[in-house]
Amino acid sequence: MNNFFEQLICPKTKTKLVLSADGKTLSNTSTDEPLSYDVNEIVDLVYPKELFEQDRKEQVAYNDAYLRYDRGVSWVFESLRANEAATRKQMISLLKLKPGMKVLEVGAGTGKDSALIVDKITPGGHAVLSDLSPAMLGYAKQKFSDKKDVKIDYFIGNGSYLPFEDNTFDALFHFGGINTFAERAKAFEEFARVVKVGGRIVVGDESTAPWLRDQKTYQILMDANPMFADTIPLEDLPKNVKDVKVEWIFGNAFYVLSFRKMKKAPTVNVNLQIPNKDFKDNWRLRAEKNRKKK
Ligand SMILES: C[S@@+](CC[C@H](N)C(=O)[O-])C[C@H]1O[C@@H](n2cnc3c(N)ncnc32)[C@H](O)[C@@H]1O
């Protein structure tokens with residue numbers, strides 16, 4: 001059995017996957033919700049089988065665009081007066097990768113950032129590249145056929161349902177798709193779930209910097225593609241994260257968000273005595289007083 005398959009679990013039920021005797025399907029071991037996945041050239045672990053309309057549209061669009069994509073995306077960055085190669089390198093540097101690390105890329109597309117990830121974790125690393133579009137990922141796979149001293153695995157999947165146990169990866173990267181994910185908060189939850197405690201997660205997509213939104217050329221950009229007016233999905237971050245940083249990149253029309261997984265959500269000390277005259281006051285007592293006043 002392919003060693004990679006042994007690491008996979010059902011993206012929905014999170015139960016073990018078992019390969020059929022003919023090697024053509026992986027099935028979960030759930031009696032409540034039995035599910036099977038096709039093992040093609042690249043294993044197809046997409047869930048839900050019937051995608052939300054928004055995700056299905058993206059899948060269809062990228063399946064159609066995979067040959068035009070590399071040129072098209074470079075044109076976008078050129079129009080933003082950005083240096084694509086340098087900016088992608090800067091985003092990957094936020095992951096603080098080292099040789100030997102195990103990294104998951106969600107929405108890897110044609111592999112533009114995957115190449116940088118793979119280089120950073122060589123020798124001895126393991127990159128798992130995934131995308132909702134079989135055509136995009138198939139194209140990426142061709143680009144890495146000659147890579148040595150590093151393990152690269154692929155699966156077709158929805159970023160909101162990841163087929164891995166908790167705490168599997170040293171780091172996770174996603175760029176360019178999150179704004180349109182139908183279940184975006186769930187995707188962030190999954191990103192944090194599969195990364196080890198302390199591991200880094202880096203996510204980016206369109207969002208014009210707030211202080212530039214009344215500028216003429218940025219207004220034209222946002223009218224031409226309303227995704228440039230999207231806001232940064234900070235409210236979707238899981239509670240158990242720290243070191244959250246946001247930066248505007250690619251001509252201030254995209255954001256990159258980086259954070260680390262914590263074991264538990266943080267809390268603050270609301271019982272600490274306030275050092276006033278009698279030391280009898282604290283945040284909790286003040287909150288109670290304010291609530292009573294309302
Ligand atoms: C703009 S492309 C970015 C590709 C690549 N990361 C890059 O920077 O060139 C967005 C990618 O996200 C993928 N995608 C969209 N929705 C997804 C989802 N729900 N789960 C996983 N991938 C998704 C698309 O198929 C597409 O390949």
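The figures follow:
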| item | result |
| --- | --- |
| Long-range neighbours under 6 Å by Cβ, at least six apart or interchain, first residue in contact (Cβ under 8 Å) with a residue 12 or more places away in the chain and within 15 Å of the ligand (Cβ to nearest atom) within segment 79-103, second small (Gly, Ala, Ser) and in a strand (DSSP E or B) | 94/258; 95/171; 103/127; 103/171 |
| Selection count where residues are out of contact with any Asp or Glu (no Cβ under 8 Å at 6 or more places or on another chain) and away from the ligand (no atom under 11 Å from the Cβ), scope segment 105-130 | 5 |
| Number of positions in segment 127-147 that are free of Cβ contacts under 8 Å to residues at least 60 places away in the same chain, surrounded by fewer than 19 Cβ atoms within 10 Å (Cβ to Cβ) and not charged (D, E, K, R) | 3 |
| Unmet requirement for residue 274, which otherwise passes all of (1) surrounded by 11 or more Cβ atoms within 10 Å (Cβ to Cβ); (2) modelled with pLDDT of 95 or more | (2) |
| Considering residues of segment 148-192 that are free of Cβ contacts under 8 Å to residues at least 40 places away in the same chain and not in a loop (DSSP other than H, G, I, E, B) only, the residue farthest from residue 132 (Cα to Cα) | 151 |
| Some residue of segment 55-63 being closer than 20 Å to residue 155 by Cβ, assigned to a helix (DSSP H, G or I) and β-branched (Val, Ile, Thr) | yes |
| Whichever residue in segment 101-126 is touching a Pro at 6+ places or on another chain (Cβ under 7 Å) and at negative phi and, among such residues, is surrounded by the fewest Cβ atoms within 10 Å (Cβ to Cβ) | 123 |
| Any hit, segment 176-193, residues being assigned by TED's automatic domain parsing to the domain that holds residue 246, touching a Lys or Arg at 6+ places or on another chain (Cβ under 7 Å) and over 26 Å from residue 28 (Cβ atoms) | yes |
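Residue-wise test of (1) in contact (Cβ under 8 Å) with a residue 12 or more places away in the chain; (2) under 30 Å from residue 202 (Cβ atoms).
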residue: 248; (1), (2): yes, yes
residue: 252; (1), (2): yes, yes
residue: 257; (1), (2): yes, yes
residue: 260; (1), (2): yes, yes
residue: 266; (1), (2): yes, yes
residue: 270; (1), (2): yes, no
residue: 276; (1), (2): no, no
residue: 284; (1), (2): yes, no
residue: 289; (1), (2): no, no
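The values are calculated or read from the model by the stated rules, or taken from the named source; none is laboratory data. Computed from a predicted structure; not experimentally measured. Here Cβ is always computed from backbone atoms with ideal geometry, including for glycine, and neighbour counts include all displayed protein chains.
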